[in-house]
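J.: Below you will find the structure I want to go over with you.
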Amino acid sequence: MYSDKVMDHFMNPRNVGEIENADGVGTVGNAKCGDIMKIYLKVEDDVIKDAKFKTFGCGAAVASSSMATELIIGKTLDDAWNISNKAVIEALEGLPPVKVHCSVLAEDAIHEAINDYRVKKGLEPIHVEHKDLHGCEEE
Amino acid sequence: MYSDKVMDHFMNPRNVGEIENADGVGTVGNAKCGDIMKIYLKVEDDVIKDAKFKTFGCGAAVASSSMATELIIGKTLDDAWNISNKAVIEALEGLPPVKVHCSVLAEDAIHEAINDYRVKKGLEPIHVEHKDLHGCEEE
Amino acid sequence: MKRLVYMDHAATTPTSTEVLNEMLPYFTEKFGNPSSVYSIGRETKSAIEKAREQVAKVLNADTNEIFFTGGGSEADNWALKGVAMANAGKGKHIITTSIEHHAILHVCEYLEKNGYKVTYLPVDKDGLISIDELKNAVTDETILVSVMFANNEIGTIQNIAEIGKLCREKKVYFHTDAVQAVGNVPIDVKEMNIDLLSLSAHKFYGPKGVGALYIRKGVKIQQLIHGGGQEKSRRAGTENVPGIIGLGKAIEIACLDIQGHAERLIKLRNKLIEGLIEKIPHTRLNGHFEKRLPGNVNVCFEFIEGESLLLLLDEMGICASSGSACSSGSLDPSHVLLAIGLSHEIAHGSLRLSLGEATTDEDIDYILDVLPKIVERLRNMSPLYEE
Amino acid sequence: MKRLVYMDHAATTPTSTEVLNEMLPYFTEKFGNPSSVYSIGRETKSAIEKAREQVAKVLNADTNEIFFTGGGSEADNWALKGVAMANAGKGKHIITTSIEHHAILHVCEYLEKNGYKVTYLPVDKDGLISIDELKNAVTDETILVSVMFANNEIGTIQNIAEIGKLCREKKVYFHTDAVQAVGNVPIDVKEMNIDLLSLSAHKFYGPKGVGALYIRKGVKIQQLIHGGGQEKSRRAGTENVPGIIGLGKAIEIACLDIQGHAERLIKLRNKLIEGLIEKIPHTRLNGHFEKRLPGNVNVCFEFIEGESLLLLLDEMGICASSGSACSSGSLDPSHVLLAIGLSHEIAHGSLRLSLGEATTDEDIDYILDVLPKIVERLRNMSPLYEE
Ligand SMILES: Cc1ncc(COP(=O)(O)O)c(C=O)c1O
Ligand SMILES: Cc1ncc(COP(=O)(O)O)c(C=O)c1O
Ligand code: FES
Ligand code: FES
């Protein structure tokens, strides 16, 4: 079902954990729906120096978090913002159709984390249209 | 499906054929329904000296004709009249339920042949209620 | 051992060793439920998808248009009831033929009891429907035309491409019961404008109890078996994994060289037909002479009855079938034989010999030797026959 | 080779070698169509009848009350739709439970769309329905009660005899989906007053794609699959001969020593349950502790999600299943877990380990060694878990 890349990132996830005193934290998803993703950022000079994640969710959600943190580390905030779920899927060498929403979760978590950083810095959060993940109502 | 006895009487039917100048002939069944049985009798002193048959029909019909002729040869007409399809079935060591009507055909053919004999002799035919074989309309 | 000449390939075929070998691992080792996440489940899942590709390829369909069922009858039931129920809003009229298999006819009767109107097209003496009659039968209420690809008794092959074209023009769905055709006649659902097609594995050297329904993308159809999410939530039930693998392999083999297979059988078939007609007086061939399944021989011998014939043939090791149905409690002989205009009397003396992979030239010689004697023997016993 | 510990016997079981060997001749040699007159057809016919006896014996039914189908789902569909349609004259109300398999629930939804009223009885925290609630639910319109014998997810076994008795008193038909129960719990349809019962071979070491419906004599039911005269004209389609033979043999073996089988599994099961609860904090057992399938373990581990758990278990060679269904596109976790009162969050962390013939004491030790580490690892990755 999953590509080798997905399985690799699921079995050996990169950047699991928390960052103490993170500069930005984004949490998306909902335990009720079976998925919560939390991304922590360490930012220096508008560049993401480090990122970590914690995820409650399926294999694809874990792999997407792992890959997403890999992709954004070292990137400017602007570049990181533009990393879409498509990029995550590509880097993972594909996801089954029913698993696409797991990668969307990763994109959303990055956006949340960056906006959290912006708000902490006194900047306006960038407006995002949340993609309707799967009709799972937030409580 | 058939007992060994039925198969024996089907494979090696006794008394197949016609009797020239038979004393009594009975024909029952209907080609449209897939079954016709014709029984020929040779009668002396109210005793059946010989019987032969011709049958167009299934294996059970052939075996029933064969067995029925066996059973009536040597019997008085009265005794032969009372040979029921049950007796034929018993002598054949059983027939499948859907094949019971084939033995009824044999009983009927005997009755027809005996009545034909009676009429030729100027006697009243014995009234018989024909069992409704299988709802197959006579033409 | 008694010689065995199996001449009833239209009733069922043995599962070929090659097919069985393909199936075997899926009973005991690769037994995982295809819906499962773990590897032995994923393995059976992809094996099923491979079988789906094998079927799709042969029919020129897309893989997501193939749905596995528990046999040909289920596929037929699903096609007719499913389309009828899902399209009742558009109309409640269905057109079929008078020579369909009971898996179609009895469903039509069921639908008639439930408010649908069914037109049963007649056939000519060769078993063919008339395209004009079909055209005239279509009304605004018509939602489905179901015409069998090839008849199981008399072997007649309909002009499917023409029927498909007409249905597409008239915008009514076209289903064909191709249970007898698959593996014997080339089929192209796109070119022939077929919307739904039923098939059954045991007719082409696959296992019994598994079939498939082709449903063209976009066709509105209800489920027949509700439940789990198998077959894209359109046919519930844990997949018959070995059966499906067997179906896939069998259809692949059957269609590798369909032309060569047909040519070989047609030669044997024609020898048999000609031999029988020559050797046995009062014999007639049923079905179309050319538009005919390669392995089908169906003849009537006057003055004798089918079951007796079958029993004597069985004694000689020849397995065959008959359209005489007195034995089954129903007294009418085959509806197909009556539909082509035979009288009851004659229809009772019908014999179907259906050839297949195993049939050899010697088998044909053997039958041509044995059968005339058997017919003669029964005729001598028949009150209808006068020499 | 990687160690393989198959703990998903509730999803499907391998076909046992003994069963497969019984089936094999019916693919290639004894392949005759059971409807045929000749000997190789009669031979398969009597083999089917023998299988029917094997099933009847185990259920304490009569042979003419057993009908073979293409699986458990078909049997469930047939029972519900067949009884609903045939008895609509009497009423259009059906009673079932909220924890049935989808092969029942989705049929009920279908029937609701077609004018029937369905009552879904709730269950208590252990998964049991209340007899009083059932009694109150029965109205003059009620024609059928369908309550599963044992639940496939949490293993809870209902008080079937009590339900049967009530239904008989109230004169409504009682159907039970016994797909999980057969081979694990003794069943007596007469004593338990069961009118209809579904079963499926692949759950008791028989082949996939074949099942049976027990229909008590006199029960009014319509056909689901129309067509040929097979199964006494009640279920059309060429019989899946090897499958039916396999079903018969498998049910015979499974019920030879059902007591011994159950005792062995219960011991292993309880060791596993106790070990997991002891070793893994925040673990709860789902389902009734005693009225439970011998091989069923169903637990929830808080803070983690099922699919991840299954993937890591698979990496360790352990095959299991989960009631978390996010992966399948539907986002609600198992309706059964919700029905026993679990919150969505907790239900997503459910794990079903189902033991069977092959399960050994070492397997249990292995799981008790491996599983705590896996749960720990996922919890460490979970944003919900605070040590
Ligand atoms: C309780 C229950 N009912 C019905 C079914 C359906 O059986 P099958 O998958 O054989 O159609 C299953 C198993 O899948 C089951 O566990
Ligand atoms: C033309 C035709 N349709 C349908 C069927 C039914 O297929 P099955 O017996 O596999 O259900 C058959 C064979 O029995 C057939 O010959
Ligand atoms: S004559 Fe009709 S079945 Fe025997
Ligand atoms: S988090 Fe829902 S399926 Fe991946």
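The values are calculated or read from the model by the stated rules, or taken from the named source; none is laboratory data. Everything quoted here is computed from the prediction, not taken from an experiment. Methodologically, a virtual Cβ is constructed for each residue, glycine included, from the backbone with ideal geometry; neighbour enumeration extends over all protein chains shown. Please note that ligands, DNA and RNA were not included when accessible areas were found on the heavy atoms of the full protein model with its side chains. Shrake-Rupley method; radii C 1.70, N 1.55, O 1.52, S 1.80 Å.
J.: Scanning region B:8-58 for residues that are polar (S, T, N, Q) and farther than 17 Å from B:Val119 by Cβ, which turns out surrounded by the fewest Cβ atoms within 10 Å (Cβ to Cβ)?
T.: So the residue we want is B:Asn12.
J.: Which of the following residues is over 19 Å from D:Arg377 (Cα atoms) and either within 16 Å of ligand 4 (Cβ to nearest atom) or not basic (Lys, Arg) (or both): A:Pro97, A:Pro13?
T.: Step by step, each of A:Pro97, A:Pro13 is checked, and only A:Pro97 is over 19 Å from D:Arg377 (Cα atoms) and either within 16 Å of ligand 4 (Cβ to nearest atom) or not basic (Lys, Arg) (or both).
J.: Answer yes or no as to whether B:Ala63 is modelled with pLDDT of 95 or more, within 13 Å of ligand 3 (Cβ to nearest atom) and either over 19 Å from B:Asp79 (Cβ atoms) or not charged (D, E, K, R) (or both).
T.: The answer is yes for B:Ala63.
J.: For region D:227-245, how many residues are more than 11 Å from ligand 2 (Cβ to nearest atom) and touching a Lys or Arg at 6+ places or on another chain (Cβ under 9 Å)?
T.: 5
J.: Across region D:238-253, what is the number of residues that are open to solvent by less than 10 Å² (accessible area, probe 1.4 Å) and more than 21 Å from the chain's Cα centre (by Cα)?
T.: Adding up the residues that qualify gives 2.
Yes or no, residue by residue, for (1) in contact with a Cys (Cβ under 8 Å, 6 or more places away or on another chain); (2) assigned to a helix (DSSP H, G or I); (3) within 11 Å of another protein chain (Cβ to nearest Cβ):
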{"site": "D:Ala212", "(1), (2), (3)": "no, no, no"}
{"site": "D:Lys217", "(1), (2), (3)": "no, no, no"}
{"site": "D:Ile221", "(1), (2), (3)": "no, no, no"}
{"site": "D:Gly246", "(1), (2), (3)": "no, yes, yes"}
{"site": "D:Lys249", "(1), (2), (3)": "no, yes, no"}
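J.: I would also like to ask the following. Across region C:55-89, which residue is surrounded by the most Cβ atoms within 10 Å (Cβ to Cβ) among those that are under 26 Å from C:Asp140 (Cβ atoms) and more than 14 Å from chain D (Cβ to nearest Cβ)?
T.: C:Val83
J.: Something else about it: List the strands (runs of 3 or more DSSP E) inside region D:275-387, counting only whole elements, that have at least 1 residues being open to solvent by less than 10 Å² (accessible area, probe 1.4 Å).
T.: D:296-301, D:350-354
J.: (1) open to solvent by 10 Å² or more (accessible area, probe 1.4 Å); (2) within 16 Å of ligand 1 (Cβ to nearest atom); (3) farther than 24 Å from C:Val179 by Cβ: which one isn't true of C:Gly32, the others all being true?
T.: Of the numbered conditions (1) open to solvent by 10 Å² or more (accessible area, probe 1.4 Å); (2) within 16 Å of ligand 1 (Cβ to nearest atom); (3) farther than 24 Å from C:Val179 by Cβ, the odd one out for C:Gly32 is (1).
J.: Please go through region B:40-63 and give me each residue that is within 12 Å of chain C (Cβ to nearest Cβ) and either farther than 19 Å from B:Pro125 by Cβ or in contact with a Ser or Thr (Cβ under 7 Å, 6 or more places away or on another chain) (or both), ordered by number.
T.: Residues satisfying the conditions are B:Lys52, B:Phe53, B:Lys54, B:Thr55, B:Phe56, B:Gly57, B:Cys58, B:Gly59, B:Ala60, B:Ala61, B:Val62, B:Ala63.
J.: Looking only at region B:90-120, filter to residues that are at pLDDT 95 or above and open to solvent by 50 Å² or more (accessible area, probe 1.4 Å); which one of those is nearest to the other protein chains (Cβ to nearest Cβ)?
T.: Step by step, filter region B:90-120, then rank; the result is B:Glu112.
J.: So D:Asn151 clears everything in (1) within 14 Å of chain C (Cβ to nearest Cβ); (2) crowded, with 22+ Cβ neighbours inside 10 Å except one condition, right? Which one?
T.: So D:Asn151 meets the others, but not (1).
J.: Still on this structure, please answer the following. Within region C:303-332, which residues are modelled with pLDDT of 95 or more and more than 10 Å from every other protein chain (Cβ to nearest Cβ)?
T.: C:Met316
J.: From the list D:Ser98, D:Ser46, which residue is more than 9 Å from chain C (Cβ to nearest Cβ), within 16 Å of ligand 1 (Cβ to nearest atom) and open to solvent by 20 Å² or more (accessible area, probe 1.4 Å)?
T.: Residue meeting the stated conditions: D:Ser98.
J.: Does any residue of region C:189-203 turn out to be over 20 Å from the mean Cα position of the chain (by Cα), outside any strand (DSSP E or B) and touching a residue at least 24 places away in the same chain (Cβ under 8 Å)?
T.: Within region C:189-203, one or more residues are over 20 Å from the mean Cα position of the chain (by Cα), outside any strand (DSSP E or B) and touching a residue at least 24 places away in the same chain (Cβ under 8 Å).
J.: May I pose another question? Got at least one residue in region C:229-237 being away from chain D (no Cβ under 14 Å) and of a type in the set (A, V, I, L, M, F, W, C)?
T.: No, every residue in region C:229-237 fails to be away from chain D (no Cβ under 14 Å) and of a type in the set (A, V, I, L, M, F, W, C).
J.: Take C:Ile157 and tell me if it is modelled with pLDDT of 95 or more, surrounded by fewer than 24 Cβ atoms within 10 Å (Cβ to Cβ), within 20 Å of C:Ile340 (Cα to Cα) and among the β-branched types (Val, Ile, Thr).
T.: Yes, satisfied.
J.: Ok, one more. Could you please find all residues in region D:55-107 being among the hydroxyl-bearing types (Ser, Thr, Tyr) and either under 17 Å from C:Asn77 (Cβ atoms) or within 16 Å of ligand 2 (Cβ to nearest atom) (or both)?
T.: Once the filter is applied, which keeps residues that are among the hydroxyl-bearing types (Ser, Thr, Tyr) and either under 17 Å from C:Asn77 (Cβ atoms) or within 16 Å of ligand 2 (Cβ to nearest atom) (or both), region D:55-107 yields D:Thr69, D:Ser73.
J.: Among what's in region D:4-28 and is more than 8 Å from chain C (Cβ to nearest Cβ) and among the charged types (D, E, K, R), pick the residue that is nearest to C:Glu29 (Cα to Cα).
T.: Restricting to residues being more than 8 Å from chain C (Cβ to nearest Cβ) and among the charged types (D, E, K, R), the top hit is D:Glu18.
J.: Turning to a different aspect of this structure: Condition first: crowded, with 20+ Cβ neighbours inside 10 Å and either under 18 Å from C:Ala339 (Cα atoms) or at pLDDT below 95 (or both). Now tell me which residues in region C:129-148 satisfy that.
T.: Matches in region C:129-148: C:Ile129, C:Leu134, C:Ser146, C:Val147, C:Met148.
J.: In region D:114-122, is there at least one residue being at positive phi and open to solvent by 30 Å² or more (accessible area, probe 1.4 Å)?
T.: Within region D:114-122, one or more residues are at positive phi and open to solvent by 30 Å² or more (accessible area, probe 1.4 Å).
J.: Please list, ordered by first then second residue, the pairs with beta carbon atoms under 6 Å, 6 or more apart or interchain, first in region D:103-125 and within 14 Å of chain C (Cβ to nearest Cβ) and in contact (Cβ under 8 Å) with a residue 40 or more places away in the chain, second open to solvent by less than 80 Å² (accessible area, probe 1.4 Å) and in a helix (DSSP H, G or I).
T.: These pairs meet every condition: D:Ala103/D:Ser73; D:Ala103/D:Asp76; D:Ile104/D:Asp76.
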